[in-house]
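Coordinate-derived values only; no laboratory data. Predicted model, so just to flag it, every value in this text is computed and none were measured. Note: ideal-geometry Cβ built from the backbone for every residue, glycine included; neighbour counts use all protein chains shown.
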């Protein structure tokens with residue numbers, strides 16, 4: 001039995017509203033055990049003997065059936081998430097800045113996003129490539145208007161990426 005972290009993209013922020021109790025119930029009904037949610041932004045911990053690929057497929061199918069939308073999720077194990085958090089390359093406590101991690105299921109999309117590093121205004125934001133993630137630091141108030149923020153919002157990245165504040169990831173691991 002493995003413990004998996006499931007990160008849902010775009011719920012409770014973009015018109016897809018799901019109560020966490022309903023999310024837990026749907027995933028439990030699908031056969032996952034010890035289903036827990038962290039905050040109301042689509043962060044789930046669950047147990048399953050299945051591989052990450054099968055967990056991803058089953059969670060996406062369950063969400064589509066239970067809530068009527070095309071769901072996209074990123075699935076990783078707890079040790080991998082812990083390593084990602086520990087490798088954050090910027091000052092996570094920098095005053096006036098937000099620390100983010102962009103997760104992805106398509107390495108070419110992550111490579112394309114991380115390639116923007118040289119084009120960014122370092123007074124506003126910075127990015128660094130990680131293992132299957134892109135680390136991002138952005139001045140508070142500029143998350144959605146910065147060059148990188150706008151790039152991550154492009155439609156082509158919607159099915160393959162999701163972004164989390166580093167502080168949220170720490171709460172998931174607590």
(message) If you fit an axis through the alpha-carbon atoms of helix 20-29 and take the longest principal axis of the Cα set of the chain, what angle between them do you get, 0 to 90°, nearest 10?
(response) 50
(request) Would you mind computing, in nm to one decimal, how far apart the modelled labels at residue 129 and residue 170 are, each placed 7 Å from Cα along Cα→Cβ? (result) 2.8
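Express the Stokes-Einstein translational diffusion coefficient of segment 2-78 in µm² s⁻¹, to the nearest whole number, given a Kirkwood radius over alpha-carbon pairs, 37 °C and a viscosity of 0.692 mPa s. Spell out each step's value before the answer.
Numbers: Rh = 12.1 Å.
In µm²/s, the coefficient is 272.
Which order do peptides 138-147, 108-117 fall in by mean Cβ count within 10 Å, highest first? Display every interim value, and only then the final one.
Working: 138-147: 14.4, 108-117: 16.3.
The densest-packed peptide leads the list: 108-117, 138-147.
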(request) Whole Å is fine, so just give me how far the alpha carbon centre of segment 95-171 lies from that of segment 1-64. (result) 23
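Figure the gain on full extension for residue 122 and residue 12 (residue separation times 0.36 nm, minus the Cα-Cα span) and round it to one decimal in nm. Walk me through the numbers on the way to the answer.
Details: separation 110, 0.36 × 110 = 39.60 nm, distance 3.05 nm.
Here the answer is 36.6 nm.
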(request) Would you compute, for the Cα atoms of the chain, the largest minus smallest coordinate along each principal axis and list the three values in descending order, in whole Å? (result) 48, 30, 28
(request) Tell me the label-point distance for the pair residue 87, residue 57, using the 7 Å Cα-to-Cβ offset, in nm and rounded to one decimal. (result) 2.7
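Shape verdict for segment 122-164, please, from the Cα gyration tensor: rounded (a/c under 1.5), prolate (a/b greater than b/c) or oblate. Before the final figure, lay out the partial values.
Values: a/c = 2.27, a/b = 1.25, b/c = 1.81.
Oblate, because a/c is 1.5 or more while a/b does not exceed b/c.
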(request) With runs of 4+ DSSP H residues as the only contributors, calculate the mean residue ellipticity of the chain at 222 nm using -39,500 (n - 2.57) per run, divided by the residue total and rounded to the nearest 500. (result) -9500 deg cm²/dmol
